[in-house]
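Note sheet for the following structure.
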Amino acid sequence: MLKKSPVGWWVVIVWFARRVSGLGAMAEKTKKKVVIAGGGVIGTATAYYLAKDHGIGATVVDRCGLAAAASGRAGGFLAKDWNDRSPTEELTRVSFDLHAELGADLEGTDYRRLKCQAVAIDARGKPSNKKLEQVEWPDANRVAGHRAMGDESTIAQVHPKKLVEEFARAAAEMAGSKVVRATATGLEKRDDGSCAGLRVVSEDGQGERVIEADAVVLAMGPWTHVAGLEERKRQCDLQGWDERLPPVVGTKYHAVLLQSPEVLSTAVFFQGLGDPEVYPRPDGEVYVTGFPDPAAVVEDTPGDTEVRDDVIARLQQTIESLAPDLRGAPVNARQACHLPSAPDGVPVIGPVPRRPGAFVATGHGCWGVLLAPATGKALAELIVHGDANAVDLSPFSPDRFAKRFF
């Protein structure tokens, strides 16, 4: 066996180092360029997992910036087992556990565990200052009965807007992801029909341009199946993108955010008086919502959702009649948003039919914040590897609408 001289060994080491470096550079060059239309919790979760798991810095496009619609106005309630025996059971359970990981990994998302109670209202009871001990804060005179809906092992919460901002910050820090203020107007297509990028109109008024990409994700909530304001006004057109996507409608919810004198830790779903829902937050803020509008095509644009004074007043009056501590509480915000849903009520996640390189993620309904981590992680895997390991995405395939609408 021949012995190599020290110089010979040095040559081998240098060659190997250059070889490894070359492979690394090649891998860097072959990383997919990904553009995400939608700066909400689904879009930014996808950007986060593209960065964390695959080292890809995506470009997130939104006309109003981050969390401008439902993701900035939702309650952030998380339940581990409420979707059991439904198409979203696995997606829900995986995502609930991912939220716990995110609560440890990300800063300032206000993630915490909660208890939850269903409380039946006694409409005949007169308001008092006596609180129901077992449920922490409702007026005892207004309660006809109550039951536990979960404890700290199955119930949690997060602040949706803060989570979106942390997703974007972490993705930028890990892989150079960026956010672009622009209106998505359509997909750029190659001669073979595959997706070549996203067409956008920037806020600077320079006209339409194309952000080139190997993969484009459409995650625009109830605006996902249409492109741009002018297309959105054509409500009868179910293919504003000229793509085979199902129509997505929005259920409008209002919310009033009150400042409690103490920090509460029990979420309550009231039964009666319009069934308001109450989610206390760790800073003492209490999120009160209810009285939804019927699901409908969303006519307003992101960031321009009308807040109706009569609904806010009804919410405030109702909760003040049920909770002694919230009577006369300062109002931090009055807001409204649209929760997106597909025709069958099941999320739409996967490749856009007959448009290689284009993907869609929408229709999560009231569970958008809960389902965002697993959706983003699985979609990132699908984009990079061609299949998803985090969860089975087959129940959410856009192909299920092919015969029904097209």
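Quick look at the values:
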read-out	value
Dipole in debye (nearest 20) - the chain, about Cα centre, beta carbon charges: Lys, Arg +1; Asp, Glu -1	900
Label-to-label distance, nm, for residues given as residue 210 and residue 269 (7 Å Cα→Cβ offset)	4.8
With all protein chains modelled, accessible area of residue 301 [1.4 Å, Å²]	20
³J(HN,Hα), Karplus 6.51/-1.76/1.60, whole Hz, each residue of the stretch 264-271, x for Gly, Pro	9, 9, 10, 7, 10, 10, 7, 10
For the chain: span of alpha carbons on each principal axis (Å, largest first)	94, 58, 42
Probe 1.4 Å, accessible area per residue of the stretch 272-406, Å²	39
Radius 10 Å from Cβ of residue 67, net charge of other residues (Lys, Arg +1; Asp, Glu -1)	+1
GluC sites (Glu not before Pro) within the stretch 114-189, DSSP loop, no more than 15 other Cβ atoms inside 10 Å	152
In sequence order, calculated HN-Hα J values of the stretch 100-108 (Karplus, 6.51, -1.76, 1.60; Hz; x Gly/Pro)	5, 4, 5, x, 7, 8, 9, 9, x
Rounded to the nearest 20 debye, dipole of the stretch 283-406 from Cβ charges on Lys, Arg, Asp, Glu	520
Protein-only accessible surface order, largest first, of 54, 99 at 1.4 Å	54, 99
The stretch 25-151, relative contact order in percent, only Cα pairs under 8 angstrom and at least six apart counted	16
Solvent-accessible area per residue, Å², over the stretch 93-178 with all protein chains present [probe radius 1.4 Å]	49
Exposure of residue 49 as accessible area (Å², to 10), given a probe of 1.4 Å and all protein chains	10
Across 80/377; 31/178; 31/162, pairs whose alpha-carbon gap is larger than 21 Å	31/162
Three-way shape label, the stretch 347-406, alpha-carbon gyration tensor, a/c 1.5	oblate
Placed amide H near residue 179: partners under 5 Å, 5+ positions off or other chain	60
Portion, in percent, of the accessible area of the chain that falls on carbon or sulfur, probe 1.4 Å	50
Ellipticity estimate at 222 nm from DSSP helix runs (n ≥ 4, -39,500 (n - 2.57)) divided over the chain, nearest 500	-9000 deg cm²/dmol
3J(HN,Hα) from dihedral phi, the stretch 365-370, Karplus parametrisation 6.51/-1.76/1.60, rounded to Hz, x for glycine, proline	x, 6, 9, x, 5, 4
Extreme residue, positive dipole direction of the chain, given options 288, 197, 269 (C-beta unit charges)	197
Cleavage-rule hits (GluC sites (Glu not before Pro)) in the stretch 264-315: DSSP loop, at most 16 neighbouring Cβ within 10 angstrom	299, 306
Built amide H within the under 5 Å cut-off of residue 260, gap 5+	285, 286
Alpha-carbon Rg with Dmax, taken over the stretch 161-222, Å	13.6, 41
Amide proton proximity set for residue 187, modelled H, under 5 Å, gap of 5+	199
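The values are calculated or read from the model by the stated rules, or taken from the named source; none is laboratory data. Everything numeric here is computed off the predicted structure, so don't read it as measured data. When we count neighbours, we look across all protein chains shown, and the Cβ atoms used for this are built from the backbone with ideal geometry, even at glycine. With ligands, DNA and RNA removed, areas are computed over all heavy atoms of the protein, side chains included. Shrake-Rupley method; radii C 1.70, N 1.55, O 1.52, S 1.80 Å.
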